[in-house]
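Everything on this sheet refers to the single structure shown next.
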Amino acid sequence: MKHHTSHFALLLALAVSLGVSLCSSQLDDYYLDIMLNVGINVILAVSLNLVNGHTGQFSLGHAAFMAVGAYGSSMVTLEMGASMMRVLGGAGPVAESVTFLVALLVGGVSAAVCGWIVGMPSLRLRGDYLAIVTLGFNEIIRVVLQNTNGDGPFGGALGLKGIPAYTSFFWVFATAAIAIYTIGALVNSTYGRGFLAVRDDEIAGESMGINTTRYKVLAFVIGSFFAGLAGGLYAHLRTTISPEGFNFLKSVDVVVMVILGGMGSTVGVIVAAVVLTVLNEFLRDFEQYRMIVFSLLLIVMMIVRPQGLLPAGLFQRRKRA
Amino acid sequence: MSATLQLEDVTIQFGGLRAVGDLSFGIQPGELVGLIGPNGAGKTTVFNLITGVYTPTAGQIFFNGIKIPGHQPHQITKLGIARTFQNIRLFPSLSVFDNVRTSMVMHQQHGITHALVRGPAYRDEEKLIEAEILDLLNIFDLRGMAHVPCKSLSYGDQRRLEIIRALATKPKLLLLDEPAAGMNPTEKEGLMHLIQFIRDKFDIAILLVEHDMKVVMGICQRIIVIEYGVKIAEGTPADIRTNPRVIAAYLGTDGGGEHA
């Protein structure tokens, strides 16, 4: 019963996002833009929550995976978009959608591969050390992109311009729904107990036959994949990207969402992503104070409610015993 | 050689410290063996050697004929060795049910793709796992507590849950690290029955590290005594009780505070 519900919810979410997307021209551009930002941040927060919340590995480099996805997908649409369209029978909604889907997947898979490469060696580290390594990876990606040739495929410090604006309401919220479903289904299955076991007690987990290294890498790869998709959506929404947009502060933004929402609580993290994105928009006039407000918010949270706004377990239905 | 577990001249050296030296013993299928020794004798180190946390510097460990060193701890659990910990190591944020469910992961036929697609095969397996866990909890009278956070169990029940979680991996050898620690006399009495019950019901060999002599002497068929990582005696409870080397190890040899 419960399993059918989750399938149904996923299909419903996909249908609704397609429906809204089709009449999105009726929506005010400004509010539509905020909604798309909300959706992208939900994807980022939910995917980071798998790593930081459910698996308990503190990653501070989520923006780097987003960057890989953004650049990867943009290169597909910019460099190969035209020829792909030609193969698909000329420009049109179908050819556009297929091109964009391929671009997004390329972005997501490249990010996932990066997640695997970074994850394999660094997941032997714990806590603060892993945070430092992922932070370093974030900076490496940014600095490398910044120092590429301005005429090359990465566009150097100025980044990439003229990316086609393919991102629509449907793409963002369909991806968000898939991310939520995938991570939810995974974590709630018996298979997914492995992630929680790694977070709670690695030594006990190993003793119960759980391959903790494999679970850590898997969490990293899946989290990076969705961060890459979010990056691709972001690039095709903004139509310009630059390395500065994926700096350490972007990673911190996502971490704040996860911590405020409640580590390991999907509902809490989604709420936090929505609230913080909207808040960000309304506090635009006070932009320079944003980081101060965020850090104060975090400190207050740590004192008053360290488990997050909506901690994990709050919404878990109690099964009949 | 049909021993379940066989240690052959196992030595482990941490820098200059020889924590375990030339230790040899075997455990037969279905046997209940006690491992005792004064504080710091290396009992937990022996457990960590058997479960793959440490690799011996010298010597060999066989489990049903398979060499243990070189395997990862989770691989050794899959071979059929389960353990509990001296200080309880449950998964604190999980319920009683989910603590046991964690041990089921390694028995699953269906992996990640099934968890995502959630097809009929996956659902059947999840149902089977659920039934199996509830059965197991039922045997140990914890079924009513299945969906309670494991932290809210009493101390004795947490100890029992740790044993249940280890049993859920379906081991052929169960290692219990001081299960009676912190228990009152009534709980200890219950534990002794429980251990014998597990041995008979699940037909497994048990290696028990315990400080409480009443528990060890009461249920073990054979006892191995180590001091400074070296075996000083092995035999039935009656032999061990009167063995002069054991008495010396526990009470000291030359004069002074001998209050037996």
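Derivation of every value follows stated rules applied to the coordinates shown; laboratory data play no part. None of the values given here were measured: they were computed from a predicted structure. Glycine gets a Cβ as well: all are built from the backbone with ideal geometry, and neighbour counts include every protein chain shown.
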* **Those residues of region A:121-157 whose amide nitrogen sits under 14 Å from the label point placed on A:Leu298, 7 Å along Cα→Cβ** => A:128, A:131-132, A:135
* Asked: Taking chain A as a Gaussian network, Cα atoms linked when under 10 Å apart, which of A:Arg199, A:Arg126, A:Arg284 shows the biggest mean-square fluctuation?
  -> A:Arg284
* Structure fact -> Within region B:143-184, the residues whose backbone N lies under 14 Å from a label point placed 7 Å from the Cα of B:Gln221 along the Cα-to-Cβ direction are B:173-174
* To do: Given a cut-off of 18 Å, name the pairs among B:Lys172/B:Lys201; B:Lys67/B:Lys172; B:Lys151/B:Lys188; B:Lys188/B:Lys214; B:Lys78/B:Lys170; B:Lys151/B:Lys172 whose C-alpha atoms lie farther apart than that in the structure shown.
  => B:Lys151/B:Lys188; B:Lys151/B:Lys172
* Provide a whole-number value for the mean count of partner chain Cβ atoms within 10 Å of the Cβ atoms in peptide B:71-80. => 4
* Please say if chain B is rounded, prolate or oblate, where rounded means a/c under 1.5 for a ≥ b ≥ c the square roots of the C-alpha gyration tensor eigenvalues, and otherwise the choice is prolate for a/b larger than b/c and oblate otherwise? => prolate
* Per-residue ³J(HN,Hα) for region B:51-66, Karplus 6.51 cos²θ - 1.76 cosθ + 1.60, θ = phi - 60°, Hz, x for Gly and Pro -> 8, x, 5, 10, 10, x, 5, 8, x, 9, 10, 10, 10, 6, x, 9
* **Shielding of A:208-219 by partner chains, average beta-carbon count, 10 Å** => 5
* To the nearest 10 degrees, how steep is helix A:266-282 against the longest Cα principal axis of chain A, on a 0 to 90 scale? -> 50
* **Calculated FRET value between A:Phe286 and A:Thr5, using beta carbons and R₀ = 30 Å, to 0.05** => 0.10
* To do: For region A:109-253, just say rounded, prolate or oblate: build the C-alpha gyration tensor, square-root its eigenvalues into a ≥ b ≥ c, call rounded for a/c under 1.5, and beyond that prolate if a/b exceeds b/c, oblate if not.
  => oblate
* **Approximate spin-label separation B:Lys201-A:Met120, in nm, with each point projected 7 Å along Cα-to-Cβ** => 4.6
* How many percent of DSSP beta bridges within chain B run antiparallel, rounded to 5? -> 55
* **Mean Cβ count within 10 Å, highest first, over the residues of peptides A:68-79, B:208-219, A:249-260, A:51-62** => A:51-62, A:68-79, A:249-260, B:208-219
* Structure fact -> Using the Kirkwood radius over Cα pairs of region B:1-92, the Stokes-Einstein translational diffusion coefficient at 20 °C and 1.002 mPa s, in µm²/s and rounded to a whole number, is 155
* Asked: Once both axes come from the Cα atoms, what is the angle between helix A:169-188 and the longest principal axis of chain A, in degrees from 0 to 90, rounded to 10?
  -> 20
* Structure fact -> Sorting A:Thr240, A:Val68, A:Val94 by the position of each Cα along the dipole of region A:30-247 (Lys, Arg +1; Asp, Glu -1; all at Cβ), the one nearest the positive end of that ordering is A:Val94
* Using a 10 angstrom cutoff on alpha carbons, build the Gaussian network for chain B and name the most mobile of B:Ile76, B:Ile36, B:Ile139. => B:Ile139
* Structure fact -> Once the dipole of region A:30-247 is set up from charges on Cβ (+1 Lys and Arg, -1 Asp and Glu), the residue from the list A:Tyr30, A:Val221, A:Ser207 lying farthest towards its positive end is A:Ser207
* To do: Name the shape class, rounded, prolate or oblate, that the alpha-carbon gyration tensor gives for chain A, where a ≥ b ≥ c are the square roots of its eigenvalues, rounded holds for a/c under 1.5, and otherwise prolate holds if a/b is larger than b/c and oblate otherwise.
  => rounded
* Quick one: putting +1 on the C-beta of Lys and Arg, -1 on the C-beta of Asp and Glu, what dipole do you get for region A:30-247 around its Cα centre, in Debye to the nearest 20? -> 180
* Asked: Normalised by the residues of chain A, what does the relative contact order come to in percent, with Cα pairs under 8 Å and at least six apart?
  -> 32
* To do: Beta carbons within 10 angstrom, averaged per residue: use that to sort the peptides A:230-242, B:12-24, highest first.
  => A:230-242, B:12-24
* Averaged over peptide A:192-204, how many Cβ atoms belonging to another chain are found within 10 Å of each residue's Cβ? -> 6
* Asked: If the cut-off is a Cα-Cα distance under 20 Å, which lysines reach B:Lys231, setting aside same-chain residues fewer than 8 apart in sequence?
  -> B:Lys43
* Crossing angle, helix A:29-48 versus chain A [Cα axis fit, 0-90 degrees, rounded to tens] -> 40
